[in-house]
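Q: Sharing a structure, written as structure tokens. Questions coming.
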Amino acid sequence: MTNAATGFIDHSRILGVLENSCPPDKSEVEEILSHALEMKGISAVETERLLMAEDDELIDEICRAAHRIKTEIYGRRLVLFAPLYVSNLCRNDCLYCAFRKTNTAITRRTLTQDEIRRETENLVSQGHKRVLLVSGEGLGEDALDYSVRAIETIYDVKVGNGEIRRININIAPLPVEGFRRLKAAKIGTYQLFQETYHYDTYKKMHRSGPKSDYVNHLTAMDRAMEAGIDDVGVGVLFGLADYRFEIMALLQHVRHLEASFGVGPHTISIPRLEPAEGSDISRNPPFAVGDRDFRKIIAILRVSVPYTGMILSTRETAEMRREAFSLGISQISAGSRTNPGGYSENHSGAQFSLGDHRSLDEVIADIAAHGYVPSFCTGCYRLGRTGADFMDLAKPGLIQLYCLPNALTTFKEYLEDYAALDTKAAGEAVIRAQLANIPSDEVRKKTIRNLKEIESGKRDLYL
């Protein structure tokens with residue numbers, strides 16, 4: 001296999017590790033975790049050694065370390081968003097996906113701008129402030145123009161006190177000039193998953209269409225960052241190849257971006273393969289990841305890249321999502337639909353099956369009941385604290401002076417405008433408890449003033 005075929009992912013090194021490594025013993029794991037608890041990240045070799053751990057006791061130790069790191073850096077905050085699917089047309093033939101072009105089992109649809117507006121109104125009326133715009137890959141040359149118009153439509157929607165304040169986007173790879181247009185449209189994060197970094201598996205799963213080009217897909221983030229988009233999100237669809245290979249390759253991708261642009265990805269998503277209509281592979285994953293290994297994946301990523309956001313979608317059950325909060329997850333979707341028009345109508349055409357069908361308010365009530373702070377904050381993005389600037393604040397811990405106060409004020413907005421009575425009562429208790437965790441007296445006083453101003457009707461107050 002030539003380097004031209006696999007880009008900067010060193011398959012030979014990864015396969016060598018998998019073939020020749022034995023499991024670490026307790027002392028080795030403890031030494032690596034003591035290094036991890038310095039919260040500066042760990043080396044590729046150290047991550048590889050943790051991936052070889054199979055003893056339940058050692059995996060539990062990794063999970064405990066991940067919990068400490070997550071709590072120290074992120075506190076009790078969880079960022080919430082919703083995906084907004086606008087088209088399920090596709091030119092690709094990805095075996096695991098219901099959107100693939102040869103699947104005749106779903107109804108195809110691309111939303112009009114009026115329909116996008118209606119979907120957005122429904123999301124805003126639930127309390128959402130952040131969306132992930134998702135389009136199928138079947139719009140051809142019109143895809144970018146359509147997406148830019150969709151972004152304008154979404155940002156234009158106002159319902160009562162509500163609005164969408166940040167749009168992240170997941171669309172097919174673009175040339176540099178296309179990414180410049182997305183940046184000018186004021187997107188937040190550009191998100192794209194490699195799905196699998198394993199070249200042979202990638203070629204098998206992506207039989208035809210533009211997505212079958214492994215290197216073009218892999219280097220999309222380079223072009224996005226060259227265009228000035230400094231918040232990018234990567235991810236793996238776990239279940240297609242050995243999860244240990246995927247994590248080692250994913251971290252090679254992270255380090256490639258750090259070396260090339262001075263900063264790695266803003267987020268890492270970790271979906272597991274779930275059943276999709278018309279897909280046999282999605283029901284019988286070649287490398288199915290059980291719950292124990294999924295916990296291990298989350299924990300190892302958190303100790304390896306402590307300051308990178310980690311996203312868990314509604315593919316997972318409420319129980320697994322709840323457990324994952326303590327292991328390293330910092331962002332979740334809620335009240336999701338994965339079909340175009342899904343928030344307004346009940347049509348077919350979803351991309352995959354969901355594990356968590358709860359409403360946004362039900363998810364928030366559960367989060368608050370467990371002492372977490374649901375956050376809709378967009379302050380860093382809107383003040384330019386993105387990319388390397390965000391990491392400059394995050395790594396010495398200074399971001400705590402912004403993230404927790406802004407989480408509390410956006411949560412307060414939700415409680416005032418959208419929450420059920422029981423949710424509001426639980427949420428107010430969380431806010432009172434978390435105010436004590438703001439490390440600066442001055443910032444705490446400012447936050448209390450903002451909370452009172454929100455009660456009196458003001459909105460969108462942030463530090």
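Q: What do you get for trypsin sites (Lys or Arg not before Pro) in the range 1-59 restricted to DSSP loop and a cutoff of at most 15 other Cβ within 10 Å of the site's Cβ? Don't skip to the answer; put the middle values down first.
A: Values: sites: 13, 26, 40, 49; in loops: 40.
Hits after loop and neighbour filter: 40.
Q: Still on this structure, I have one more. On a C-alpha basis, how far is the centre of the range 402-460 from the centre of the range 1-52 in Å? Whole number, if you could?
A: The range 402-460 and the range 1-52 have Cα centres spaced 41 Å from each other.
Q: Right, another one. What value, in deg cm²/dmol to 500, does the helix sum -39500 (n - 2.57) over DSSP H runs of n ≥ 4 give at 222 nm once divided by the residues of the chain? Walk me through the numbers on the way to the answer.
A: Details: 21 runs with 225 residues, N = 463.
Dividing the helical sum by the residues of the chain leaves -14500 deg cm²/dmol.
Q: Pick out, in residue order, every one of the trypsin sites (Lys or Arg not before Pro) in the range 192-274 that is DSSP loop and has at most 16 other C-beta atoms within 10 Å; say none if there are none.
A: 207
Q: Now, a different point. Between 21, 189, 282, whose Cα lies farthest towards the positive end of the dipole of the chain when Lys and Arg beta carbons carry +1 and Asp and Glu beta carbons carry -1, centred on the Cα centre?
A: 189
Q: Which aspartates and glutamates have a Cα lying under 16 Å from the Cα of residue 445, excluding residues fewer than 8 positions away in the same chain?
A: 453, 455
Q: Roughly what % of Cα-Cα distances in the range 41-153 sit above 20 Å, to the whole percent? Mind dumping the intermediate values first?
A: Values: 3971 of 6328 pairs.
Distances greater than 20 Å cover 63 percent of the Cα pairs.
Q: Please order 456, 269 by the number of other Cβ within 10 Å, starting at the fewest.
A: Values: 456 7, 269 22.
Neighbour counts put them in this order, fewest first: 456, 269.
Q: Dipole size in debye (nearest 20) for the range 399-454 around its Cα centre, Lys and Arg Cβ +1, Asp and Glu Cβ -1? Mind showing how you got there, number by number?
A: Working: 8 positive and 8 negative charges, 43 e Å.
Here the range 399-454 has a charge dipole of around 200 debye.
Q: Run down the lysines and flag those whose C-alpha is under 21 Å from the C-alpha of residue 211, throwing out any fewer than 8 positions away in its chain.
A: 101, 203
Q: Divide the volume of the convex hull of the Cα atoms of the range 399-454 by its number of residues and quote the answer in cubic angstrom per residue.
A: On the way: hull volume 3.5 nm³, N = 56.
Taking only Cα atoms, the range 399-454 has a hull volume of 62 Å³ per residue.
Q: Could the peptides 363-370, 164-171, 79-86, 55-62 be put in order, highest first, of the mean number of other beta-carbon atoms found within 10 Å of their residues?
A: Details: 363-370: 21.4, 164-171: 23.0, 79-86: 24.5, 55-62: 16.0.
My ranking of the peptides, most packed first, is 79-86, 164-171, 363-370, 55-62.
Q: Using all alpha carbons of the chain, what is the percent of pairwise distances in each 10 Å bin, ordered from the shortest bin to the longest?
A: Per 10 Å bin, starting at 0, the Cα pair percentages come out as 4, 21, 32, 28, 12, 2, 0.
Q: Can you give the FRET efficiency to the nearest 0.05 for residue 114 and residue 226, using r as the Cβ-Cβ distance and R₀ = 56 Å? It would help to have the intermediate numbers written out before the result.
A: Numbers: r = 35 Å, r/R0 = 0.62.
Approximately 0.95, to the nearest 0.05.
No lab work stands behind these numbers, since they all come straight from the coordinates. What you are looking at is a predicted structure, and each value in this text was computed from that prediction instead of being measured. When we count neighbours, we look across all protein chains shown, and the Cβ atoms used for this are built from the backbone with ideal geometry, even at glycine.
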